[in-house]
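The block underneath contains the structure these notes are about, expressed in C-alpha coordinates.
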Amino acid sequence: MTRIEIDSTRPGATINRDIYGQFAEHLGRGIYGGIWVGEDSDIDNIRGFRTDVIEALRDIEVPLVRWPGGCFADEYRWRDGIGPRDERPVRVNTHWGGVAEDNAFGTHEFFELVELLDTEAYVNGNLGTGNPREMAEWLEYMTGDSESAVVEERRKNGREEPWEIAYFGIGNEAWGCGGHMRPEYYSDLYNHFATFLKTPPGSEPKFVASGGHTDDTEWTDVLSRNIQRQMDGISFHFYTLPTGEWDDKGESTGFGEDQWASTLWQTLRMDEFIRANKKVLEKNDPENEIGFYVDEWGTWYNPEEGREPGFLYQQNTLRDALVAALNFNIFHRHADRVRMTNIAQMVNVLQAMILTDEEKMALTPTYHTYGMYKVFQDATSLPLEIANPGSYRSGDRTIPSVSASAARGEDGELYLSLVNLDPQAAQQVTVDVKGMEITEARGQLLTADAMDAHNTFENPGSVKPADYSASADSGNLTLDIPAKSVLVVGLE
Ligand code: AHR
(Lines give C-alpha, C1' and ligand atoms only; values in the text may rest on other atoms or scores of the structure.)
Protein backbone atom coordinates (compact mmCIF):
# COMPACT_ATOMS: atom_id res chain seq x y z
CA MET A 1 0.00 0.00 0.00
CA THR A 2 1.25 3.49 -0.80
CA ARG A 3 2.10 5.56 2.24
CA ILE A 4 2.12 9.35 2.30
CA GLU A 5 4.07 11.15 4.98
CA ILE A 6 3.44 14.85 5.49
CA ASP A 7 5.52 16.95 7.86
CA SER A 8 3.31 19.72 9.21
CA THR A 9 6.11 20.98 11.48
CA ARG A 10 8.35 22.19 8.61
CA PRO A 11 6.47 24.78 6.53
CA GLY A 12 7.96 25.46 3.10
CA ALA A 13 7.47 28.17 0.49
CA THR A 14 4.18 29.96 -0.08
CA ILE A 15 2.26 28.66 -3.09
CA ASN A 16 1.72 31.98 -4.83
CA ARG A 17 -1.90 32.28 -5.90
CA ASP A 18 -0.64 33.44 -9.31
CA ILE A 19 0.35 29.84 -10.02
CA TYR A 20 -3.37 29.49 -10.82
CA GLY A 21 -3.28 32.22 -13.50
CA GLN A 22 -4.98 31.98 -16.89
CA PHE A 23 -4.16 33.05 -20.41
CA ALA A 24 -6.62 34.80 -22.76
CA GLU A 25 -5.28 35.52 -26.23
CA HIS A 26 -6.91 37.01 -29.31
CA LEU A 27 -7.08 33.55 -30.81
CA GLY A 28 -10.08 31.74 -32.30
CA ARG A 29 -13.08 32.13 -29.99
CA GLY A 30 -10.96 32.70 -26.89
CA ILE A 31 -12.05 36.30 -26.53
CA TYR A 32 -14.63 36.93 -29.22
CA GLY A 33 -17.66 34.71 -28.63
CA GLY A 34 -16.05 33.10 -25.57
CA ILE A 35 -15.75 36.09 -23.25
CA TRP A 36 -16.84 39.11 -25.24
CA VAL A 37 -20.08 39.11 -27.26
CA GLY A 38 -20.76 42.84 -27.30
CA GLU A 39 -23.55 44.78 -25.63
CA ASP A 40 -26.03 44.19 -28.47
CA SER A 41 -25.73 40.40 -28.39
CA ASP A 42 -28.74 38.16 -27.71
CA ILE A 43 -26.48 36.21 -25.38
CA ASP A 44 -26.98 37.38 -21.82
CA ASN A 45 -24.15 39.80 -21.08
CA ILE A 46 -22.80 42.35 -18.64
CA ARG A 47 -21.75 45.35 -20.73
CA GLY A 48 -20.68 43.00 -23.54
CA PHE A 49 -19.15 40.21 -21.41
CA ARG A 50 -20.92 36.82 -21.31
CA THR A 51 -22.69 36.59 -17.95
CA ASP A 52 -22.42 32.78 -17.79
CA VAL A 53 -18.67 32.77 -18.44
CA ILE A 54 -17.96 35.59 -15.99
CA GLU A 55 -19.96 33.89 -13.24
CA ALA A 56 -18.27 30.53 -13.83
CA LEU A 57 -14.79 32.06 -13.78
CA ARG A 58 -15.56 34.01 -10.61
CA ASP A 59 -16.39 30.72 -8.90
CA ILE A 60 -12.89 29.32 -9.42
CA GLU A 61 -11.27 32.55 -8.18
CA VAL A 62 -8.95 33.25 -11.10
CA PRO A 63 -6.06 35.24 -9.59
CA LEU A 64 -4.47 36.55 -12.81
CA VAL A 65 -5.24 36.89 -16.53
CA ARG A 66 -2.55 37.25 -19.19
CA TRP A 67 -3.53 39.21 -22.33
CA PRO A 68 -3.44 39.89 -25.37
CA GLY A 69 -1.05 37.02 -26.36
CA GLY A 70 1.00 34.92 -27.05
CA CYS A 71 2.11 35.30 -30.61
CA PHE A 72 -0.67 37.84 -31.09
CA ALA A 73 1.03 40.19 -28.61
CA ASP A 74 4.01 40.78 -30.87
CA GLU A 75 1.80 42.11 -33.65
CA TYR A 76 -0.68 43.96 -31.45
CA ARG A 77 -0.99 47.73 -31.84
CA TRP A 78 -2.49 48.89 -28.60
CA ARG A 79 -3.80 52.12 -30.11
CA ASP A 80 -6.14 50.06 -32.34
CA GLY A 81 -8.02 48.97 -29.24
CA ILE A 82 -8.93 52.29 -27.61
CA GLY A 83 -11.52 54.95 -28.38
CA PRO A 84 -15.03 54.51 -29.83
CA ARG A 85 -15.48 50.90 -30.92
CA ASP A 86 -17.04 51.72 -34.26
CA GLU A 87 -13.97 53.75 -35.19
CA ARG A 88 -11.39 51.11 -34.34
CA PRO A 89 -9.44 49.75 -37.29
CA VAL A 90 -9.83 46.20 -38.54
CA ARG A 91 -6.64 44.14 -38.89
CA VAL A 92 -5.94 40.57 -39.88
CA ASN A 93 -5.01 38.13 -37.13
CA THR A 94 -2.14 36.65 -39.12
CA HIS A 95 -1.18 34.06 -36.52
CA TRP A 96 -4.54 32.59 -35.83
CA GLY A 97 -6.72 31.73 -38.82
CA GLY A 98 -6.15 34.94 -40.79
CA VAL A 99 -9.49 36.27 -39.55
CA ALA A 100 -10.57 39.89 -39.18
CA GLU A 101 -9.73 41.44 -35.82
CA ASP A 102 -12.03 44.40 -35.30
CA ASN A 103 -10.40 45.45 -32.03
CA ALA A 104 -13.73 45.61 -30.21
CA PHE A 105 -11.90 44.12 -27.22
CA GLY A 106 -9.03 46.42 -26.28
CA THR A 107 -7.32 47.85 -23.22
CA HIS A 108 -10.44 49.25 -21.52
CA GLU A 109 -12.38 46.04 -22.14
CA PHE A 110 -9.49 43.96 -20.75
CA PHE A 111 -9.42 45.92 -17.52
CA GLU A 112 -13.18 45.72 -17.26
CA LEU A 113 -12.81 41.94 -17.51
CA VAL A 114 -10.18 42.06 -14.78
CA GLU A 115 -12.60 43.99 -12.57
CA LEU A 116 -15.53 41.69 -13.31
CA LEU A 117 -13.42 38.67 -12.39
CA ASP A 118 -11.92 40.42 -9.39
CA THR A 119 -8.54 39.31 -10.65
CA GLU A 120 -5.17 40.84 -11.56
CA ALA A 121 -3.76 41.92 -14.90
CA TYR A 122 -0.79 40.50 -16.78
CA VAL A 123 -0.30 42.59 -19.92
CA ASN A 124 2.09 41.35 -22.59
CA GLY A 125 3.83 44.10 -24.55
CA ASN A 126 4.85 44.01 -28.21
CA LEU A 127 8.60 43.76 -28.65
CA GLY A 128 8.51 41.86 -31.94
CA THR A 129 7.01 44.55 -34.20
CA GLY A 130 6.60 47.45 -31.81
CA ASN A 131 9.15 49.97 -30.63
CA PRO A 132 10.17 51.21 -27.18
CA ARG A 133 8.09 54.39 -27.49
CA GLU A 134 4.88 52.45 -28.25
CA MET A 135 5.48 50.08 -25.37
CA ALA A 136 6.35 52.90 -22.97
CA GLU A 137 3.27 54.89 -23.98
CA TRP A 138 0.97 51.90 -23.51
CA LEU A 139 2.32 51.40 -20.01
CA GLU A 140 1.91 55.12 -19.36
CA TYR A 141 -1.65 55.03 -20.75
CA MET A 142 -2.54 52.25 -18.33
CA THR A 143 -0.71 53.34 -15.18
CA GLY A 144 -0.06 57.08 -15.50
CA ASP A 145 -1.57 59.65 -13.14
CA SER A 146 -0.05 62.80 -14.63
CA GLU A 147 -1.51 65.38 -16.98
CA SER A 148 0.42 64.10 -19.98
CA ALA A 149 -1.36 63.86 -23.32
CA VAL A 150 -1.32 60.05 -23.19
CA VAL A 151 -2.93 59.94 -19.75
CA GLU A 152 -5.47 62.61 -20.72
CA GLU A 153 -6.37 60.43 -23.69
CA ARG A 154 -7.24 57.60 -21.30
CA ARG A 155 -9.38 59.99 -19.29
CA LYS A 156 -11.11 61.17 -22.47
CA ASN A 157 -11.80 57.50 -23.24
CA GLY A 158 -13.65 57.16 -19.97
CA ARG A 159 -11.12 56.01 -17.40
CA GLU A 160 -10.06 58.58 -14.84
CA GLU A 161 -8.03 56.42 -12.46
CA PRO A 162 -4.94 54.47 -13.54
CA TRP A 163 -5.26 50.71 -13.61
CA GLU A 164 -3.04 48.36 -11.66
CA ILE A 165 -0.86 45.94 -13.59
CA ALA A 166 0.55 42.97 -11.70
CA TYR A 167 2.87 41.74 -14.49
CA PHE A 168 4.10 43.24 -17.73
CA GLY A 169 5.72 40.98 -20.34
CA ILE A 170 8.37 42.34 -22.70
CA GLY A 171 7.76 40.23 -25.81
CA ASN A 172 6.72 36.61 -26.15
CA GLU A 173 8.51 33.51 -27.44
CA ALA A 174 11.35 35.64 -28.78
CA TRP A 175 12.97 32.39 -29.97
CA GLY A 176 9.97 31.77 -32.29
CA CYS A 177 6.87 33.75 -33.31
CA GLY A 178 8.19 36.74 -31.35
CA GLY A 179 11.10 37.29 -33.76
CA HIS A 180 13.30 34.17 -34.03
CA MET A 181 16.04 35.76 -31.96
CA ARG A 182 19.05 34.49 -30.10
CA PRO A 183 18.87 34.96 -26.33
CA GLU A 184 21.83 37.38 -26.46
CA TYR A 185 20.03 39.63 -28.97
CA TYR A 186 16.77 39.45 -27.04
CA SER A 187 18.59 40.37 -23.80
CA ASP A 188 19.93 43.52 -25.45
CA LEU A 189 16.47 44.38 -26.74
CA TYR A 190 15.01 43.76 -23.29
CA ASN A 191 17.51 46.17 -21.74
CA HIS A 192 16.73 48.68 -24.48
CA PHE A 193 12.91 48.51 -24.13
CA ALA A 194 12.90 48.24 -20.34
CA THR A 195 14.95 51.42 -20.02
CA PHE A 196 11.94 53.43 -21.15
CA LEU A 197 9.20 51.63 -19.22
CA LYS A 198 8.21 54.00 -16.44
CA THR A 199 5.32 54.05 -14.01
CA PRO A 200 4.44 56.30 -11.07
CA PRO A 201 6.25 55.23 -7.87
CA GLY A 202 4.56 52.29 -6.21
CA SER A 203 2.75 51.09 -9.30
CA GLU A 204 5.53 49.17 -11.04
CA PRO A 205 4.39 45.81 -12.35
CA LYS A 206 6.62 42.78 -12.18
CA PHE A 207 8.53 42.78 -15.46
CA VAL A 208 8.69 39.48 -17.32
CA ALA A 209 11.42 38.49 -19.77
CA SER A 210 10.44 36.01 -22.45
CA GLY A 211 12.43 32.85 -21.84
CA GLY A 212 12.83 29.37 -23.26
CA HIS A 213 10.71 26.30 -23.66
CA THR A 214 10.65 22.54 -23.19
CA ASP A 215 14.13 21.16 -22.36
CA ASP A 216 15.99 24.39 -23.08
CA THR A 217 17.93 26.11 -20.28
CA GLU A 218 20.07 28.42 -22.41
CA TRP A 219 17.49 31.20 -22.41
CA THR A 220 17.28 31.18 -18.63
CA ASP A 221 21.06 31.19 -18.43
CA VAL A 222 21.69 34.03 -20.90
CA LEU A 223 18.80 36.19 -19.72
CA SER A 224 19.67 35.85 -16.05
CA ARG A 225 23.27 36.90 -16.81
CA ASN A 226 22.75 39.59 -19.47
CA ILE A 227 19.63 41.46 -18.48
CA GLN A 228 20.60 44.52 -16.48
CA ARG A 229 17.28 46.36 -16.25
CA GLN A 230 14.46 45.44 -13.91
CA MET A 231 13.45 41.81 -14.50
CA ASP A 232 11.25 40.06 -11.94
CA GLY A 233 10.89 36.79 -13.74
CA ILE A 234 11.78 34.74 -16.78
CA SER A 235 8.96 33.03 -18.60
CA PHE A 236 8.96 29.44 -19.80
CA HIS A 237 6.56 27.53 -22.07
CA PHE A 238 5.88 23.83 -22.19
CA TYR A 239 2.93 22.20 -23.91
CA THR A 240 1.86 18.59 -23.34
CA LEU A 241 1.48 16.69 -26.62
CA PRO A 242 0.41 13.04 -26.27
CA THR A 243 2.90 11.89 -28.93
CA GLY A 244 5.47 14.61 -28.32
CA GLU A 245 5.33 15.37 -32.08
CA TRP A 246 4.00 18.68 -33.44
CA ASP A 247 2.91 17.29 -36.81
CA ASP A 248 0.68 14.62 -35.24
CA LYS A 249 0.08 15.50 -31.63
CA GLY A 250 -2.66 13.02 -30.79
CA GLU A 251 -6.42 13.37 -30.41
CA SER A 252 -8.36 15.07 -27.63
CA THR A 253 -10.90 12.20 -27.38
CA GLY A 254 -11.13 8.58 -28.50
CA PHE A 255 -7.52 7.82 -27.52
CA GLY A 256 -6.28 4.50 -26.17
CA GLU A 257 -4.48 3.65 -22.97
CA ASP A 258 -1.08 4.11 -24.65
CA GLN A 259 -1.86 7.80 -25.23
CA TRP A 260 -3.31 8.15 -21.74
CA ALA A 261 0.06 7.02 -20.38
CA SER A 262 2.19 8.96 -22.88
CA THR A 263 0.26 12.19 -22.19
CA LEU A 264 0.75 11.90 -18.44
CA TRP A 265 4.38 10.91 -18.97
CA GLN A 266 4.91 13.97 -21.17
CA THR A 267 3.29 16.32 -18.68
CA LEU A 268 5.37 14.97 -15.78
CA ARG A 269 8.45 16.20 -17.67
CA MET A 270 7.50 19.65 -16.43
CA ASP A 271 9.22 18.68 -13.16
CA GLU A 272 12.53 17.87 -14.87
CA PHE A 273 12.40 21.10 -16.94
CA ILE A 274 11.74 23.24 -13.88
CA ARG A 275 14.54 21.51 -11.96
CA ALA A 276 17.02 22.11 -14.79
CA ASN A 277 16.14 25.80 -15.03
CA LYS A 278 16.16 26.22 -11.25
CA LYS A 279 19.67 24.84 -11.19
CA VAL A 280 20.75 27.56 -13.63
CA LEU A 281 19.01 30.23 -11.58
CA GLU A 282 20.53 28.99 -8.34
CA LYS A 283 23.93 29.63 -9.96
CA ASN A 284 23.14 32.99 -11.60
CA ASP A 285 20.67 34.31 -9.03
CA PRO A 286 21.49 32.73 -5.65
CA GLU A 287 19.45 35.43 -3.88
CA ASN A 288 16.33 33.98 -5.54
CA GLU A 289 15.15 37.34 -6.88
CA ILE A 290 14.17 36.11 -10.32
CA GLY A 291 10.94 34.12 -10.55
CA PHE A 292 10.50 31.26 -13.00
CA TYR A 293 7.12 31.90 -14.63
CA VAL A 294 5.54 29.09 -16.63
CA ASP A 295 3.26 31.50 -18.43
CA GLU A 296 2.04 29.00 -21.04
CA TRP A 297 1.35 25.34 -20.33
CA GLY A 298 -1.32 22.73 -20.97
CA THR A 299 -2.38 20.11 -23.50
CA TRP A 300 -2.25 20.69 -27.24
CA TYR A 301 -4.00 18.16 -29.50
CA ASN A 302 -4.66 17.78 -33.22
CA PRO A 303 -7.31 20.22 -34.44
CA GLU A 304 -10.81 18.75 -34.41
CA GLU A 305 -12.21 17.74 -37.76
CA GLY A 306 -14.40 20.34 -39.42
CA ARG A 307 -13.05 23.20 -37.34
CA GLU A 308 -10.69 26.02 -38.33
CA PRO A 309 -7.27 24.55 -37.39
CA GLY A 310 -5.92 27.99 -36.51
CA PHE A 311 -8.49 28.40 -33.74
CA LEU A 312 -6.95 25.64 -31.56
CA TYR A 313 -10.33 24.50 -30.27
CA GLN A 314 -10.18 21.10 -28.59
CA GLN A 315 -12.33 18.91 -26.37
CA ASN A 316 -11.25 18.55 -22.77
CA THR A 317 -11.54 15.24 -20.91
CA LEU A 318 -10.83 13.60 -17.59
CA ARG A 319 -7.25 13.17 -18.89
CA ASP A 320 -6.91 16.97 -19.03
CA ALA A 321 -8.12 17.19 -15.43
CA LEU A 322 -5.26 14.88 -14.42
CA VAL A 323 -2.78 16.88 -16.50
CA ALA A 324 -3.82 20.04 -14.64
CA ALA A 325 -3.59 18.37 -11.22
CA LEU A 326 -0.18 16.83 -11.95
CA ASN A 327 1.17 20.22 -13.00
CA PHE A 328 -0.23 21.88 -9.88
CA ASN A 329 1.49 19.27 -7.72
CA ILE A 330 4.75 20.00 -9.57
CA PHE A 331 4.34 23.78 -9.25
CA HIS A 332 3.68 23.41 -5.51
CA ARG A 333 6.90 21.43 -5.18
CA HIS A 334 8.82 24.30 -6.79
CA ALA A 335 6.88 27.13 -5.20
CA ASP A 336 10.13 28.79 -4.09
CA ARG A 337 10.89 29.76 -7.75
CA VAL A 338 7.69 29.09 -9.65
CA ARG A 339 5.64 32.06 -8.51
CA MET A 340 3.35 32.47 -11.49
CA THR A 341 1.93 30.30 -14.26
CA ASN A 342 -0.83 30.63 -16.85
CA ILE A 343 -2.65 27.72 -18.37
CA ALA A 344 -3.26 28.03 -22.12
CA GLN A 345 -5.99 29.09 -22.38
CA MET A 346 -9.07 30.32 -20.50
CA VAL A 347 -11.99 29.81 -22.94
CA ASN A 348 -12.40 27.79 -26.19
CA VAL A 349 -8.65 27.51 -26.87
CA LEU A 350 -6.34 24.54 -26.08
CA GLN A 351 -6.78 23.28 -22.48
CA ALA A 352 -9.70 25.54 -21.71
CA MET A 353 -11.74 26.00 -18.55
CA ILE A 354 -14.86 26.68 -20.54
CA LEU A 355 -16.21 25.79 -23.99
CA THR A 356 -18.95 27.81 -25.64
CA ASP A 357 -21.08 27.51 -28.76
CA GLU A 358 -23.24 30.55 -29.35
CA GLU A 359 -25.38 30.80 -26.18
CA LYS A 360 -24.36 27.36 -24.87
CA MET A 361 -21.59 26.78 -22.36
CA ALA A 362 -19.88 23.72 -20.83
CA LEU A 363 -17.44 23.65 -17.95
CA THR A 364 -14.55 21.30 -18.62
CA PRO A 365 -12.92 18.74 -16.30
CA THR A 366 -9.94 21.14 -16.17
CA TYR A 367 -12.26 23.85 -14.82
CA HIS A 368 -13.30 21.53 -12.01
CA THR A 369 -9.69 20.78 -11.13
CA TYR A 370 -9.06 24.52 -10.75
CA GLY A 371 -12.12 24.74 -8.50
CA MET A 372 -10.92 21.88 -6.31
CA TYR A 373 -7.38 23.26 -6.03
CA LYS A 374 -8.30 26.83 -5.15
CA VAL A 375 -7.66 26.02 -1.46
CA PHE A 376 -3.96 25.93 -2.41
CA GLN A 377 -3.86 29.58 -3.48
CA ASP A 378 -1.41 31.34 -1.14
CA ALA A 379 -1.17 28.20 1.00
CA THR A 380 2.11 27.18 2.66
CA SER A 381 3.61 24.10 1.08
CA LEU A 382 4.54 21.20 3.36
CA PRO A 383 7.18 18.51 2.83
CA LEU A 384 5.61 15.29 1.61
CA GLU A 385 7.13 11.88 0.91
CA ILE A 386 5.46 9.07 -1.00
CA ALA A 387 6.82 5.82 0.40
CA ASN A 388 6.72 2.73 -1.84
CA PRO A 389 4.87 4.40 -4.73
CA GLY A 390 3.65 1.93 -7.33
CA SER A 391 3.96 2.43 -11.04
CA TYR A 392 1.74 1.95 -14.05
CA ARG A 393 2.88 0.94 -17.52
CA SER A 394 1.26 1.14 -20.93
CA GLY A 395 2.94 1.02 -24.32
CA ASP A 396 6.53 2.16 -23.79
CA ARG A 397 5.72 4.52 -20.91
CA THR A 398 5.97 3.81 -17.21
CA ILE A 399 4.60 6.43 -14.84
CA PRO A 400 4.08 6.56 -11.08
CA SER A 401 0.62 5.52 -9.94
CA VAL A 402 0.24 8.33 -7.45
CA SER A 403 1.13 12.01 -7.31
CA ALA A 404 0.52 14.10 -4.19
CA SER A 405 0.99 17.52 -2.64
CA ALA A 406 0.20 19.01 0.77
CA ALA A 407 -0.07 22.53 2.14
CA ARG A 408 -1.45 24.56 5.03
CA GLY A 409 -4.22 26.71 3.57
CA GLU A 410 -4.69 30.39 4.31
CA ASP A 411 -7.62 29.30 6.50
CA GLY A 412 -5.23 27.24 8.68
CA GLU A 413 -6.50 23.88 7.43
CA LEU A 414 -4.18 21.18 6.09
CA TYR A 415 -4.94 20.18 2.49
CA LEU A 416 -3.82 17.14 0.55
CA SER A 417 -4.16 16.61 -3.20
CA LEU A 418 -3.82 13.18 -4.73
CA VAL A 419 -3.86 11.97 -8.31
CA ASN A 420 -4.31 8.32 -9.26
CA LEU A 421 -2.68 8.11 -12.69
CA ASP A 422 -3.57 4.47 -13.22
CA PRO A 423 -6.65 4.25 -15.46
CA GLN A 424 -7.42 0.66 -14.36
CA ALA A 425 -6.59 0.17 -10.70
CA ALA A 426 -7.86 1.92 -7.59
CA GLN A 427 -5.21 2.83 -4.99
CA GLN A 428 -5.28 2.61 -1.25
CA VAL A 429 -3.16 5.30 0.35
CA THR A 430 -2.40 5.66 4.04
CA VAL A 431 -1.73 9.17 5.25
CA ASP A 432 0.53 10.02 8.13
CA VAL A 433 0.98 13.62 9.30
CA LYS A 434 3.91 14.46 11.56
CA GLY A 435 2.78 16.95 14.18
CA MET A 436 -0.94 16.19 13.89
CA GLU A 437 -3.37 13.43 14.64
CA ILE A 438 -5.77 13.06 11.74
CA THR A 439 -9.28 11.81 12.34
CA GLU A 440 -10.98 12.70 9.11
CA ALA A 441 -10.53 13.70 5.46
CA ARG A 442 -13.19 15.67 3.60
CA GLY A 443 -13.17 17.12 0.16
CA GLN A 444 -13.94 16.44 -3.46
CA LEU A 445 -13.18 13.69 -5.94
CA LEU A 446 -13.16 13.99 -9.72
CA THR A 447 -13.37 10.82 -11.79
CA ALA A 448 -15.46 9.15 -14.50
CA ASP A 449 -15.92 5.78 -16.19
CA ALA A 450 -14.04 6.56 -19.39
CA MET A 451 -10.54 7.99 -19.84
CA ASP A 452 -11.93 10.49 -22.33
CA ALA A 453 -15.10 11.34 -20.39
CA HIS A 454 -16.01 14.95 -21.10
CA ASN A 455 -18.78 17.49 -20.83
CA THR A 456 -20.78 18.51 -23.86
CA PHE A 457 -23.29 21.30 -24.42
CA GLU A 458 -26.04 18.66 -24.40
CA ASN A 459 -24.68 16.90 -21.32
CA PRO A 460 -22.63 19.47 -19.38
CA GLY A 461 -22.65 17.54 -16.08
CA SER A 462 -21.00 14.24 -17.14
CA VAL A 463 -17.73 15.00 -15.37
CA LYS A 464 -17.98 16.92 -12.16
CA PRO A 465 -16.60 16.63 -8.63
CA ALA A 466 -18.38 14.57 -5.99
CA ASP A 467 -18.14 14.92 -2.24
CA TYR A 468 -15.63 12.61 -0.60
CA SER A 469 -14.95 11.71 3.02
CA ALA A 470 -13.00 9.14 4.98
CA SER A 471 -12.47 8.58 8.71
CA ALA A 472 -9.42 7.33 10.52
CA ASP A 473 -9.57 3.91 12.10
CA SER A 474 -7.61 3.54 15.36
CA GLY A 475 -5.54 6.58 14.41
CA ASN A 476 -4.82 5.37 10.83
CA LEU A 477 -6.24 7.22 7.85
CA THR A 478 -6.58 5.24 4.63
CA LEU A 479 -7.93 6.85 1.48
CA ASP A 480 -9.44 4.79 -1.33
CA ILE A 481 -8.75 6.56 -4.59
CA PRO A 482 -10.56 5.28 -7.67
CA ALA A 483 -8.70 4.67 -10.91
CA LYS A 484 -8.00 7.81 -13.00
CA SER A 485 -9.02 10.39 -10.46
CA VAL A 486 -8.13 13.62 -8.72
CA LEU A 487 -8.81 14.08 -5.03
CA VAL A 488 -8.45 17.17 -2.85
CA VAL A 489 -9.22 16.80 0.86
CA GLY A 490 -8.89 18.84 4.01
CA LEU A 491 -7.42 16.83 6.89
CA GLU A 492 -8.76 17.26 10.43
O1 AHR B 1 -1.16 29.43 -26.78
C2 AHR B 1 -1.02 29.42 -28.17
C3 AHR B 1 0.33 29.91 -28.64
O4 AHR B 1 1.33 29.03 -28.23
C5 AHR B 1 0.79 31.25 -28.13
O6 AHR B 1 0.28 32.32 -28.84
C7 AHR B 1 2.28 31.17 -28.30
O8 AHR B 1 2.98 31.96 -27.37
C9 AHR B 1 2.57 29.69 -28.17
O10 AHR B 1 3.38 29.23 -29.18
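His213 meets each of the listed conditions (1) in contact with a strand residue (DSSP E or B) (Cβ under 8 Å, 6 or more places away or on another chain); (2) open to solvent by 20 Å² or more (accessible area, probe 1.4 Å); (3) more than 16 Å from the ligand (Cβ to nearest atom); (4) of a type outside the set (Phe, Trp, Tyr) apart from (3). Within segment 281-298, the residues that satisfy the criterion of being outside any loop (DSSP other than H, G, I, E, B) and open to solvent by less than 20 Å² (accessible area, probe 1.4 Å) are Leu281, Gly291, Phe292, Tyr293, Val294, Asp295, Glu296, Trp297, Gly298. Taken over segment 79-125, the criterion of being polar (S, T, N, Q) and out of contact with any helix residue (DSSP H, G or I) (no Cβ under 6 Å at 6 or more places or on another chain) is satisfied by Asn93, Thr94, Thr119. Looking across segment 250-278 at every residue that is buried (at least 22 other Cβ atoms within 10 Å of the Cβ) and hydroxyl-bearing (Ser, Thr, Tyr), the one that is nearest to Glu173 (Cα to Cα) is identified as Thr267. Scanning segment 194-210 for residues that are over 29 Å from Pro84 (Cβ atoms) and open to solvent by less than 10 Å² (accessible area, probe 1.4 Å) yields Val208, Ala209, Ser210. Does at least one position in segment 104-113 carry a residue that is in contact (Cβ under 8 Å) with a residue 12 or more places away in the chain, of a type in the set (Gly, Ala, Ser), open to solvent by 10 Å² or more (accessible area, probe 1.4 Å) and within 16 Å of the ligand (Cβ to nearest atom)? No, the conditions are met nowhere in segment 104-113. Listed conditions (1) open to solvent by less than 30 Å² (accessible area, probe 1.4 Å); (2) in a loop (DSSP other than H, G, I, E, B); (3) within 28 Å of Leu418 (Cα to Cα); (4) not aromatic (Phe, Trp, Tyr) are all met by Gly38, apart from (3).
Scanning segment 97-153 for residues that are under 20 Å from the mean Cα position of the chain (by Cα) and closer than 17 Å to Glu75 by Cβ gives Phe110, Val123, Asn124, Gly125. For segment 240-249, indicate whether the set of residues that are within 16 Å of the ligand (Cβ to nearest atom), buried (at least 20 other Cβ atoms within 10 Å of the Cβ), touching a residue at least 24 places away in the same chain (Cβ under 8 Å) and outside any loop (DSSP other than H, G, I, E, B) is non-empty. Within segment 240-249, one or more residues are within 16 Å of the ligand (Cβ to nearest atom), buried (at least 20 other Cβ atoms within 10 Å of the Cβ), touching a residue at least 24 places away in the same chain (Cβ under 8 Å) and outside any loop (DSSP other than H, G, I, E, B). Only one entry in Pro201, Pro162, Pro205 is under 23 Å from Thr220 (Cα atoms), out of contact with any Leu (no Cβ under 6 Å at 6 or more places or on another chain) and away from the ligand (no atom under 16 Å from the Cβ), namely Pro205. Residue count for segment 145-184 under the criterion of being closer than 21 Å to Trp67 by Cβ, open to solvent by 30 Å² or more (accessible area, probe 1.4 Å) and in contact with a strand residue (DSSP E or B) (Cβ under 8 Å, 6 or more places away or on another chain): the result is 1.
The number of residues in segment 65-91 that are of a type in the set (A, V, I, L, M) and within 16 Å of the ligand (Cβ to nearest atom) comes to 2. Residues in segment 65-115 that are among the small types (Gly, Ala, Ser) and in a helix (DSSP H, G or I): Ala73, Gly81.
In segment 437-466, the residue that is most open to solvent (accessible area, probe 1.4 Å) out of those that are touching a residue at least 12 places away in the same chain (Cβ under 8 Å) and of a type in the set (D, E, K, R) is Glu437. Screening segment 321-409 for strands (runs of 3 or more DSSP E) wholly inside it with 1 or more residues that are touching a residue at least 60 places away in the same chain (Cβ under 8 Å) and acidic (Asp, Glu) returns the ranges 354-357, 384-387.
The values are calculated or read from the model by the stated rules, or taken from the named source; none is laboratory data. Here the structure is a predicted model, which means the values were calculated and not measured. As a convention, Cβ positions derive from the backbone with ideal geometry for all residues, glycine included, and neighbour counts pool all protein chains shown. The area values use the complete protein model at the heavy-atom level, side chains included, leaving out ligands, DNA and RNA. Shrake-Rupley method; radii C 1.70, N 1.55, O 1.52, S 1.80 Å.
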